[in-house]
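Below: one structure, written as structure tokens.
The values are calculated or read from the model by the stated rules, or taken from the named source; none is laboratory data. Note that the coordinates shown come from a computational prediction; the quantities given were computed from them, not determined experimentally. Because the Cβ atoms are built from the backbone with ideal geometry, glycine has one as well, and the counts that use them run over all protein chains shown. These area figures cover heavy atoms from the full protein model, side chains too; ligands, DNA and RNA do not enter into them. Shrake-Rupley method; radii C 1.70, N 1.55, O 1.52, S 1.80 Å.
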Amino acid sequence: MTDSPIITVSGLSKIYKGSQKPAVDQLSFVVHEKEIFGLLGPNGAGKSTTIMMLCGLLKIDSGSIQVFGLDVRQKSPEIRKLIGVAPQEIALFPALTAYENLFYFGRMYGLDGATIRRRANELLEAFGLIEKAGVQVIQFSGGMKRRLNLIAALLHHPRLLILDEPTSGVDVHSRKMILDYLLALKSNGVTVIYSSHLLEEAEKICSHFTIIDEGRLIQEGNLADLLARSGGSRNLEEVFLGLTGKEICH
């Protein structure tokens, strides 16, 4: 890999109050520039906890995270200006229109009105939502909400996009639109962290995989590496089953 590391995670751990078991347990990995990095695992594996710590939204118990060479513990406000985050839970105001939501998030990123308007129109068009710009989000389908959730994360041209289950519960049309756009972002030099339990989908778009279970690193590498180490697996789902003994939930 010739591109530079954008994220370096070292010995990361998190245990929630009242729990006897870490949600994330001594996790280490590196994300390189201009790749779609698959952070994979079953529900409850620690993916969302890891992402919240990456974004500076959850306190790190031990270990460290460097993003763009900045320490998350000390520089999270600076880091947030450089990244876009689409969380698993839809982060939109249902009573507001699509435009109103995007203006709110655009202002949070420090964008001026003209820039927000131009960028919102560009992205709404790209994701097939321009005709719904003035419609309240409460009237949107699940797939439309997912697309708008992603648009909000893209408004400020982030260098790093972090996605937690970005196609959860969406229709086939919305899923294809989201995945195609992520591949286009990669070709334009944007780094993407794609966290999911949908292995077939990840196999189509990710250039590198880190598989975790019960908060721990199980295996990492590109698809060819994982298949070669697995002793006969034909796809990522078979690799996962062999490593964890668990079938992934669809």
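Listed values, structure above:
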{"item": "Count of the stretch 60-91 residues which are open to solvent by 50 Å² or more (accessible area, probe 1.4 Å), in a loop (DSSP other than H, G, I, E, B), without any contact (Cβ under 8 Å) to a residue 60 or more places away in the chain and touching a strand residue (DSSP E or B) at 6+ places or on another chain (Cβ under 8 Å)", "result": "1"}
{"item": "Set GLU238, GLU201: member being more than 24 Å from ILE7 (Cα to Cα) and without any contact (Cβ under 8 Å) to a residue 60 or more places away in the chain", "result": "GLU238"}
{"item": "Single match in ALA153, ALA228 (criterion: open to solvent by 10 Å² or more (accessible area, probe 1.4 Å), assigned to a helix (DSSP H, G or I) and among the small types (Gly, Ala, Ser))", "result": "ALA228"}
{"item": "Only listed residue being closer than 28 Å to GLU237 by Cβ, open to solvent by 50 Å² or more (accessible area, probe 1.4 Å) and touching a residue at least 24 places away in the same chain (Cβ under 8 Å), chosen from LYS47, LYS34, LYS14", "result": "LYS34"}
{"item": "Subset of the stretch 198-219 [outside any strand (DSSP E or B), over 11 Å from GLY46 (Cβ atoms) and open to solvent by less than 50 Å² (accessible area, probe 1.4 Å)]", "result": "LEU198, LEU199, GLU201, ALA202, ILE205, CYS206, SER207"}
{"item": "Verdict on ARG118 being among the basic types (Lys, Arg) and surrounded by fewer than 13 Cβ atoms within 10 Å (Cβ to Cβ)", "result": "yes"}
{"item": "Boolean, GLY41 is within 15 Å of the chain's Cα centre (by Cα), under 26 Å from PRO22 (Cα atoms) and either open to solvent by 60 Å² or more (accessible area, probe 1.4 Å) or in contact (Cβ under 8 Å) with a residue 12 or more places away in the chain (or both)", "result": "yes"}
{"item": "Any hit, the stretch 92-112, residues being surrounded by fewer than 22 Cβ atoms within 10 Å (Cβ to Cβ), within 19 Å of ILE193 (Cα to Cα) and touching a strand residue (DSSP E or B) at 6+ places or on another chain (Cβ under 9 Å)", "result": "no"}
{"item": "Count of residues meeting criterion [outside any loop (DSSP other than H, G, I, E, B) and within 20 Å of PRO158 (Cα to Cα)] in the stretch 99-139", "result": "23"}
